[in-house]
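Worksheet: the structure to be examined is printed underneath.
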């Protein structure tokens, strides 16, 4: 490949670049904003895509945010590229706050103690859940016992409040994301059309 790196990054460096991009998160977000403004689509579809990406970022389905954002954008007529860009709100720097807020809100709405979970325990619960799923998968082929029963507590104590709280927070953040993004795209596209029209007039020969 023409643009393939000659020196493959060590996995530690790859992880570091994901958590802390070389250009820094502020410059990375500015670049994403610049790319959003230049998407050749209607402001409504672009803003809708961003809102879908933001909404999905508050869900507990880690590893599938981009896929679900693309599905929502495809079904509900949002811009696909904008939907992917919108998921940037969920990143290693913001996830601790998103997870904590979603769990507290979800537990509160379920009538439970909002302080019942801390991030360390949640992380351990996710690891145990994935391990249980893997053991269950192996059990289907007679390699080990299934652990489906052990997943019940995980879904009840973690996934349910996370899903409820994350859904509400997703709506709370997605709606402003739509109404903030749309006028910015409208203004940028108007300015761009004016600049292109001005360049076209300059290229016209004088009669």
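Listed values, structure above:
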| item | result |
| --- | --- |
| Check on residue 33, more than 14 Å from the chain's Cα centre (by Cα), closer than 26 Å to residue 186 by Cβ, in a helix (DSSP H, G or I) and at pLDDT 60 or above | yes |
| Candidates 164, 185, 148, filtered to the one that is at pLDDT below 90 and buried (at least 18 other Cβ atoms within 10 Å of the Cβ) | 185 |
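The values are calculated or read from the model by the stated rules, or taken from the named source; none is laboratory data. Since this is a predicted model, take the numbers as computed values, not measurements. Heads up, the Cβs are rebuilt from the backbone with ideal geometry, glycines too, and the neighbour counts pull from every protein chain shown.
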